[in-house]
Amino acid sequence: MALPPIPSLLDAAVIFKPETLVRWHRGGFRLFWRWKSRHRAGRPSVSSEIRGLVRQMSRENPLWGAPRIHGELLKLGVDVSQSSVAKYMERRRGPPSQGWRAFLRNHAPHIAAVDLFVVPTIGLKFLYGLVVIHLDRRRLVWTNVTANPTAEWIARQITEAFPWDQTPRYLIRDRDRAYSAVVTQRLQAMGIRDRPIAPRSPWQNANVERVIGSIRRECLDHVIVFGEAHLRRILAAYGAYYNDIRTHLALDKDAPMSRPVQSVGRIAATPVLGGLHHHYVRMA
């Protein structure tokens, strides 16, 4: 009796393709090295909390390197190596640079801004109000009114707004023709650097534009101006309210002249600008 034929290796291999064999081999290779390189004794891994703290310090302090961040972490009781700090720091393109927020905060105490705005009167005439502010605390330094804003008048207002020992380093203004050579010469004599904004770019003088908008929305849009003296009194009253009472988002809900917090006493309301606004204080 004849024996059945012995199946050859080639016949057995026809049940899968060569690509399957290669895939099995590579999968087995990965499993082998995963098992061989499994976690054993050695340097402990850095927790996600510490990695996040390193990235936060690196992001908030662009001038710090790995040694500086490592020293700060040691003072916080975080035990991590300097090489790990360098590994998890944020990568930057180009040299380190401070942010615009830090730059403006360092220069704001030395910058002032000025601008003019138009107010119609009951007699359908136009008056011009002038506003000067300090960028540091958004403080309203000076307001005045005129029917004819000449360069000589603006130069005199700037002189009266800043005592000679308290002049700012820079003054931001627009390119209105009223700021002629008389104004620039007065600024130069006072040691103030003139900084006109680009043409048709009021956003470059945004702080004083915001103040003028507040004056309109919170005051002038609700009154009828009789004349120059009337508008001057209104702006003086609003300026006192703006500097001493009104809270500002940019100042962490504080006033430019820093109102104290009162927590004891009966709350009483004092009308401001004829009751258009109120000032709330605690009375003993």
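A simple charge model with +1 on the Cβ of Lys and Arg, -1 on the Cβ of Asp and Glu and nothing else charged puts the dipole of the chain at about 1280 debye relative to its Cα centre.
Radius of gyration over Kirkwood radius for the chain, both on Cα atoms: the Rg/Rh ratio is 1.37. With both labels modelled 7 Å from their Cα along Cα-to-Cβ, the T159 to V22 distance reads 9.0 nm. For K17, the lysines whose Cα comes closer than 30 Å to its Cα, not counting residues fewer than 8 places off in the same chain, are K36.
What is the ratio of the Cα radius of gyration of the stretch 105-246 to 2.2 N^0.38 Å, where N is its residue count, to two decimals?
Output field value: 1.01.
Taking a straight line from the alpha carbon of K87, these aspartates and glutamates sit under 18 Å away, with near neighbours fewer than eight places off in the same chain left out: E49, E60, E72, D79.
Judged by the gyration tensor of its Cα atoms, with axes a ≥ b ≥ c, the stretch 224-279 is oblate; a/c meets the 1.5 cut and b/c is at least as large as a/b.
Here, each number is a calculation from the coordinates, and none is a lab measurement. None of these values were measured; they are calculated from a predicted model. With ideal geometry, Cβ positions are generated from the backbone for all residues, glycine too; neighbour counts draw on all protein chains shown.
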